[in-house]
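Shown next, in structure tokens, is the structure this report addresses.
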Amino acid sequence: MKTKTVELVATPREPHFVGDGFRVHNFIPRGFRLDMQRMDPFLLLDYNSPFTFPPTDTPKGVGVHPHRGFETVTIAYQGKIEHHDSHGGGGIIGEGDVQWMTAASGILHKEFHEKEWSKTAGVFQMVQLWVNLPQKDKMSTPKYQAIVNSEINRYELENKAGIIEVISGDYNGTKGAASTFTPIHMLNAKLNKGGKTVFHFPSDYNTFLLVIKGNIVINGKEEVFTDHLALMANDGEVFEIEAMDDAIVLVLSGEPINEPIAAHGPFVMNTKEEIMQAFSDYNSGKFGYLE
Ligand code: MN
């Protein structure tokens, strides 16, 4: 097997607020060379690096908005998020939990810091990722997968190097609980200082790492620091990461969908006509109702 090399290391962009509750660095699609085509099937990555929110009785967040044509994946590292949607769904995404929401044909939802957490608040850290759907599934029925931390399968690495939490796809035969429409490996590598591990993915899968905590070295030479993203090249299958400190690394690898992308705000379809249809359906109430 050939080594998969580092194509580029992206520094976090200036943060911006989504609503008043998510202070995020956008990596995909606005980071240098991290556009939707290069990162296919990953459409968006917003990273709320650790940020301290003051206590409040009025939870911060983002109010009612629609989505169509893709999935949103929310990973809470610190703090808690509460969500409600137009299908009557809702819940709390706690620390270490993952919510995989398939917006598909369309939902309305709102995302806020959890009410009780907000009263004391403190450090908040999360990732929101948008994953594209193939054309044939874009108008399928919306669904949720709430994957609480205790349900996430873990692979124990040798030599006390750490553990791999498998959210979707697999790592060395340990499979993730989340079901996906196209092949996606989503892993949380929790490495102890000095811990090393190796990843194998098909060379054509688009693959990147986001360093959530600590600093790492890839393939024995490229240093990647906290809050930075490493995009791996499509030139091989195997790479190694070593933790310089106790580290958490979100590792993503997905098979490209290779279909036309028409994206506008909260809608991602294949053609401009389908985007116009999404606005029309949204404006005529076809996404349902949410207070
Ligand atoms: Mn949303």
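The values are calculated or read from the model by the stated rules, or taken from the named source; none is laboratory data. From a predicted model like this one, the values you see are computed outputs, not experimental measurements. Backbone-built Cβ (ideal geometry, glycine too); neighbour counts: all protein chains shown.
Of the strands (runs of 3 or more DSSP E) lying entirely inside the range 125-187, those carrying at least 2 residues that are more than 22 Å from ILE257 (Cβ to Cβ) and among the charged types (D, E, K, R) are 153-156. Only residues that are in contact (Cβ under 8 Å) with a residue 40 or more places away in the chain, within 21 Å of THR174 (Cβ to Cβ) and more than 16 Å from the ligand (Cβ to nearest atom) were counted in the range 109-160, giving 5.
Is it the case that the range 122-132 has a residue that's of a type outside the set (D, E, K, R) and over 26 Å from ASN188 (Cβ atoms)? There is no residue in the range 122-132 that is of a type outside the set (D, E, K, R) and over 26 Å from ASN188 (Cβ atoms). You will find that of THR52, THR102, the residue that is modelled with pLDDT of 95 or more, farther than 17 Å from LEU187 by Cα and surrounded by fewer than 16 Cβ atoms within 10 Å (Cβ to Cβ) is THR52 and no other.
Among the residues of this structure, VAL127 does not count as one that is surrounded by fewer than 21 Cβ atoms within 10 Å (Cβ to Cβ), more than 26 Å from TYR289 (Cα to Cα) and not small (Gly, Ala, Ser). Residues that are away from the ligand (no atom under 16 Å from the Cβ), touching a residue at least 40 places away in the same chain (Cβ under 8 Å) and closer than 16 Å to LEU43 by Cα within the range 258-278 comprise ASN258, GLU259, ILE261, MET269, ASN270, listed in sequence order. Within the range 90-99, identify whether any single residue is within 12 Å of the ligand (Cβ to nearest atom), of a type in the set (A, V, I, L, M), in contact (Cβ under 8 Å) with a residue 24 or more places away in the chain and assigned to a strand (DSSP E or B), and answer yes or no. No.
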